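A short write-up of the structure that comes next.
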Amino acid sequence: MPLTANRSTLTQFLIEERRRFPCASGDFNALILDVALACKGIARAVAFGELGGVMGNHAAAQGGSVNVQGETQKKLDVLSNDVFIRRTEWAGNLAGMASEEMDLPYQIPGQFPRGKYLLVFDPLDGSSNIDVNVSVGSIFSVLRAPQEVEDSGRDVTEADFLQPGASQVAAGYALYGPTTMLVLTVGDGVNGFTLDPNLGEFMLTHPKMQIPADTQEFAINASNSRFWEAPVKRYVDECLAGKTGPRAKDFNMRWIASMVAEAHRILMRGGVFLYPRDTKDASRPGRLRLLYEANPIGMLMEQAGGRASTGHQPMLGVKPGSLHQRIGLVFGSRSEVERIERYHAEPVKTEQTNPLFAERSLFRV
Ligand code: F6P
């Protein structure tokens, strides 16, 4: 029997946080609770798997559908997007929404009041893992709508969302793994909640999460190694060289291909994640999306004592250029991210001399 009686619920946690702001209206808490409910709904859909008839590609009979990124949408991508919208659009807390699965900003329908926040989300991150029963998650970011949008109640435009990550009011993710967890920052540290399946409540199980500054674990999709830029090659080389290399310690490597799951591992025990800018596709300056992947994860990392960066600059300082902008992303234990930034700032060495990139090595370029 789970021991939940002496733990705070998410609702209690939010109410206690709100006491720091006596003038707060309660809209923000209501929005977070609606997002949490959306995540519970998605967790149930994920848990039913094949039994729920939600596996596989969306509209497969019509040859599948693709999102604005040109990626094939899974049935669960579309369902999760819908769950986010339906759970949050009605309450009068939002001025508009944007999602990985929607080309344009979502307008709050006329029958509902409009509010002061913008919700930006990736409803199902890591969705290539759905059909193979590996952890997936949802990521969300809350921004304040520009004052003039709030005052006028006008439709939102793409420009309203193009705020640097440092302006986020809150960020978080839900992880649909062996247990369902909600990990949240409202700008005052990072707290982790585990879904009690008996009560249907998120219970505070991981208060004040902190990322160890140092680590011996890194995560990168090494199949892209031939496209990496020199600083990234250097960093990975040095990790792979282990005890006998310049770092003088052995490293472990992990790659789940669900960023939420990697972020969670890093929050729990440290590590560094890289999906850097590379030369694979000149039209894509990175793989992951700034507004609903890099920024919320970046805020969580920074709030837990870690760091998030493009490699060249702090992620949360980047001024977005478009809703679905991609960006190189490095996050995790502070000293490792700082090291990677240092390598980016140093002049590029012309010759790759490490034996790991020699003729017969695994990571030959
Ligand atoms: O869409 C984002 C994502 O699924 C991340 O969750 C994950 O880190 C990455 O893509 C996986 O990319 P790749 O297919 O290159 O391993």
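The table below lists the values:
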{"quantity": "Sorted peptide list for 244-251, 321-328, 269-276, criterion being average Cβ within 10 angstrom, highest first", "calculated": "269-276, 321-328, 244-251"}
{"quantity": "Highest to lowest packing among 117-129, 31-43, scored as the average C-beta count within 10 Å", "calculated": "117-129, 31-43"}
{"quantity": "35 Å tail of the calculated P(r), the chain, as % of Cα pairs", "calculated": "24"}
{"quantity": "Antiparallel %, DSSP beta bridges [both residues in the chain], to 5", "calculated": "85"}
{"quantity": "Residues of type aspartates and glutamates that Lys208 reaches as a straight line, Cα spacing below 14 Å, ignoring anything fewer than 8 places off in the same chain", "calculated": "Glu17, Asp188, Glu302"}
{"quantity": "Inverse mean reciprocal Cα-Cα distance (Kirkwood Rh) of segment 10-206, Å", "calculated": "17.4"}
{"quantity": "Those residues of segment 283-302 whose amide nitrogen sits under 19 Å from the label point placed on Arg20, 7 Å along Cα→Cβ", "calculated": "296-302"}
{"quantity": "Added length on full extension, which subtracts the Cα-Cα distance from 0.36 nm per residue, Thr157 to His206", "calculated": "13.9 nm"}
{"quantity": "Inter-probe distance in nm under a simple model that places probes 7 Å from Cα toward Cβ, at Val66 and Met253", "calculated": "3.0"}
{"quantity": "Cα-projected label distance for Lys280 with Arg44, points at 7 Å along beta-carbon direction, nm", "calculated": "3.6"}
{"quantity": "Nearest-ten-degree value, helix 27-48 long axis tilted from longest Cα axis of the chain", "calculated": "70"}
{"quantity": "Antiparallel DSSP beta bridges within segment 217-345, as percent of all bridges there, nearest 5", "calculated": "75"}
{"quantity": "Spatially proximal lysines relative to Lys75 (Cα-Cα < 24 Å; intrachain offsets below 8 disregarded)", "calculated": "Lys40"}
{"quantity": "Straight-distance crosslink candidates among aspartates and glutamates, where the alpha carbon sits under 14 Å from Lys233 and sequence neighbours closer than 8 are dropped", "calculated": "Asp278, Glu341, Glu346, Glu351"}
{"quantity": "DSSP bridge orientation in segment 10-123 - percent antiparallel, rounded to nearest 5", "calculated": "45"}
{"quantity": "Solvent-accessible area per residue, Å², over the chain with all protein chains present [probe radius 1.4 Å]", "calculated": "44"}
{"quantity": "Check: segment 217-345 dipole with +1 on Lys, Arg Cβ and -1 on Asp, Glu Cβ, in debye", "calculated": "100"}
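The values are calculated or read from the model by the stated rules, or taken from the named source; none is laboratory data. From a predicted model like this one, the values you see are computed outputs, not experimental measurements. As a convention, Cβ positions derive from the backbone with ideal geometry for all residues, glycine included, and neighbour counts pool all protein chains shown. Side chains included, ligands, DNA and RNA excluded: accessible areas come from the protein's heavy atoms. Shrake-Rupley method; radii C 1.70, N 1.55, O 1.52, S 1.80 Å.
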